[in-house]
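Shown next, in structure tokens, is the structure this report addresses.
The values are calculated or read from the model by the stated rules, or taken from the named source; none is laboratory data. This structure is a prediction, so every number in the text was calculated from the model and none was measured. Don't worry about glycine lacking a Cβ; one is built from the backbone with ideal geometry, like all the others, and counts go over all protein chains shown. With ligands, DNA and RNA removed, areas are computed over all heavy atoms of the protein, side chains included. Shrake-Rupley method; radii C 1.70, N 1.55, O 1.52, S 1.80 Å.
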Amino acid sequence: MMDRDSRVYEIVAVITDRPCVANERARAESVPTQVVEFTPGDRDQWNRDFRDAVAAYTPDVVVSAGLMRIVSEDFLAGFDVVLNTHPALLPAFKGAHAVCDALDYGVAVTGSTVHKMDAGMDTGPIVAQWPVLIKEDDDEDSLHERIKIVERQLIVKVLEEGLWRNGQ
């Protein structure tokens with residue numbers, strides 16, 4: 001992990017919709033964590049609760065990585081910049097099944113995208129992309145694991161270099 005003093009960004013909190021490894025890693029680095037569990041039935045209330053939990057830390061940039069939920073316009077309106085990581089080269093293969101869709105379509109290359117979130121599903125302005133070659137023996141799990149490695153590297157690059165500021 002990078003020395004905090006040399007970082008051009010600081011992780012102020014990790015807020016998730018379920019307990020996961022991200023919470024454990026954050027706690028190990030003394031980063032505050034919170035779980036705002038999603039319960040079916042009142043999506044609007046969950047969006048408000050999730051927004052309020054994130055807003056309590058007054059982030060300059062919100063990063064959604066692995067959330068797999070569509071957040072409301074009300075959530076998005078609470079922040080200047082919300083970035084999302086997506087396991088495909090948008091605008092191709094939007095949605096929750098991007099890795100499987102890329103394999104089914106038979107493309108030779110897929111990858112990872114970081115984009116600014118808007119009210120659509122995976123439609124916001126693209127900030128950065130990195131390709132991942134699809135191997136002949138790839139299945140959904142093996143390909144997704146390789147994409148996640150690139151995805152993690154890409155979001156760090158976007159944050160370190162301030163690529164999200166590029167007026168997109």
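Numbers for the structure displayed
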{"quantity": "Over the chain: helical MRE at 222 nm, DSSP H runs n ≥ 4 each giving -39500 (n - 2.57), nearest 500", "calculated": "-10000 deg cm²/dmol"}
{"quantity": "Most mobile of Lys116, Lys94, Lys157 in a GNM of the chain (Cα contacts under 10 Å)", "calculated": "Lys157"}
{"quantity": "Kirkwood-based shape ratio for the chain, expressed as Rg/Rh from alpha carbons", "calculated": "0.96"}
{"quantity": "Protection proxy ranking, peptides 64-75, 46-57, average beta carbon neighbours within 10 Å, highest first", "calculated": "46-57, 64-75"}
{"quantity": "For peptides 36-43, 99-106, sequence by mean Cβ density within 10 Å, most packed first", "calculated": "99-106, 36-43"}
{"quantity": "Computed over the range 124-168, Cα set: Rg, Dmax in Å", "calculated": "12.9, 40"}
{"quantity": "Accessible carbon and sulfur surface of the chain relative to its total accessible area, %, 1.4 Å", "calculated": "50 percent"}
{"quantity": "Average accessible area per residue (Å²) across the range 38-168 - probe 1.4 Å, nucleic acids and ligands excluded", "calculated": "55 Å²"}
